[in-house]
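Participant: The structure under discussion is supplied below as structure tokens; questions concerning it will follow.
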Amino acid sequence: MSAATRRAAKHESENEGDRVAPFQTPTFTLAGLSARLNAPDFPSEPYASVQSLIDAGYDDIPLPGAGNTLKRWQVLAAVARHDLTLAKLFESHTDALAILNELKQDGSTIPDGLLAVWCADPPDKRVFMSRLPSGAHGVQISGVKAWCSGAAHVRNALVSVRDEANLSCLIAVEMVQPAVRVTQAGWHAVGMAGTASVDVVFEDAEGLMIGGPGGYVERPRFAHGAAGIAACWYGGASAIAEHVRQTLRRRPDDPHALAHLGTIDVALTQARGVLHTAAEAIDACPGEPCAHAVRRARLAVEAAAETVLLHASRALGAAPMCKDARFARMMADLPVFIRQSHAERDLAAHGLAVTQRVEEGPWTL
């Protein structure tokens with residue numbers, strides 16, 4: 001049974017009106033996933049490794065807001081603890097599955113293979129659409145899309161484009177067509193280098209509209225998906241923290257290094273609590289974006305990740321960043337990954353939302 005057929009059978013009865021019915025717990029366990037990620041035969045190359053997870057059904061994770069959001073984030077964090085490049089590809093793939101499950105047209109199927117969501121929209125690189133006369137949902141798209149992670153390996157992508165009224169639309173595009181050209185431009189990073197987030201050129205490429213204009217960003221689960229990114233950040237930060245912890249087990253008489261580990265523990269424990277609270281809020285109100293809880297979770301995890309990056313290097317010095325390939329890669333990857341946050345702009349938006357909340361004493365213990 002293909003991955004798409006397996007998912008279709010599992011999700012067949014999930015949609016009930018505007019609410020997604022509670023999702024069944026995945027057949028695999030987190031311990032089993034961790035064992036697979038760390039197995040001797042698990043591929044080291046990120047695209048082979050993500051395909052291995054897809055083939056084994058590890059992408060069949062709970063949908064956001066369907067009653068088991070924390071389990072979804074725990075899977076994303078577990079993958080990120082292993083490798084952040086893999087997590088970036090895996091999160092995008094599972095986000096695409098969630099979007100298609102929510103917005104796909106009646107009778108359409110979810111394709112096999114590696115999927116991706118490419119929705120960066122810088123003003124100098126945009127894609128525009130025109131409708132095809134052959135069908136209500138058929139379109140052609142043209143333009144340059146930036147930040148396309150895994151473009152050389154993705155089989156089908158969900159691409160944000162602008163329609164004739166300049167509204168944002170989501171288009172499903174098969175990558176294997178002459179009108180799609182994956183470039184080598186737009187990505188020179190050392191951190192997250194393996195994602196190869198390059199520019200892709202579309203020249204009257206054919207695609208299928210998913211949902212209506214504005215539907216992708218206006219749906220409540222757009223915000224829910226944004227919190228899943230924070231789960232990946234958390235997984236990467238916890239991997240760095242665990243390396244510090246294991247190293248300092250052998251240096252129990254180094255008080256300064258231990259103080260750094262104490263700071264790391266406090267930061268991660270606080271962020272974990274905020275993620276748990278956000279997951280509970282989303283599952284309690286799946287028809288709402290829960291924007292306040294999502295912003296707070298993303299900002300808390302970002303702050304914790306920055307704390308981990310600072311104190312891990314101070315606790316351990318330069319040696320592991322120079323001599324331990326996995327640790328060095330995590331220390332290079334995580335700063336790039338967390339810049340999916342908009343930093344002070346997100347903090348300002350959160351601060352404004354705090355001023356507008358009506359409850360008294362929001363911080364009363």
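The values are calculated or read from the model by the stated rules, or taken from the named source; none is laboratory data. No experiment lies behind these values; they were computed from the predicted model shown. Heads up, the Cβs are rebuilt from the backbone with ideal geometry, glycines too, and the neighbour counts pull from every protein chain shown. All accessible areas refer to the heavy atoms of the entire protein, side chains included, with ligands and DNA or RNA removed. Shrake-Rupley method; radii C 1.70, N 1.55, O 1.52, S 1.80 Å.
Participant: Would you mind computing, in nm to one decimal, how far apart the modelled labels at Asn38 and Arg249 are, each placed 7 Å from Cα along Cα→Cβ?
Facilitator: So the label points at Asn38 and Arg249 sit 1.0 nm apart.
Participant: Related question: Let me know the number of lysine pairs in the chain closer than 20 Å at the Cα, not counting same-chain pairs under 8 apart.
Facilitator: Lysine pairs meeting both conditions in the chain amount to 5.
Participant: Moving on to the next point. Only sites in a loop by DSSP and with at most 11 other Cβ atoms within 10 Å count here; which chymotrypsin sites (Phe, Trp or Tyr not before Pro) in segment 319-365 make the cut?
Facilitator: Trp363
Participant: Under a 1.4 Å probe, what is the accessible area of the chain per residue, stated in Å²?
Facilitator: 47
Participant: Using Cα pairs under 8 angstrom and six or more residues apart, how large is the relative contact order of segment 155-199, in percent? Could the numbers behind the result be given before it?
Facilitator: Working: 45 pairs, mean separation 13.0, N = 45.
It comes to 29 percent, rounded to a whole number.
Participant: Would you mind telling me the share, in percent, of accessible area of the chain contributed by carbon and sulfur at probe 1.4 angstrom?
Facilitator: Accessible surface attributable to carbon and sulfur in the chain totals 56 percent.
Participant: So what's the convex hull volume per residue for the Cα atoms of the chain, in Å³?
Facilitator: Numbers: hull volume 58.4 nm³, N = 365.
Each residue corresponds to 160 Å³ of Cα convex hull volume.
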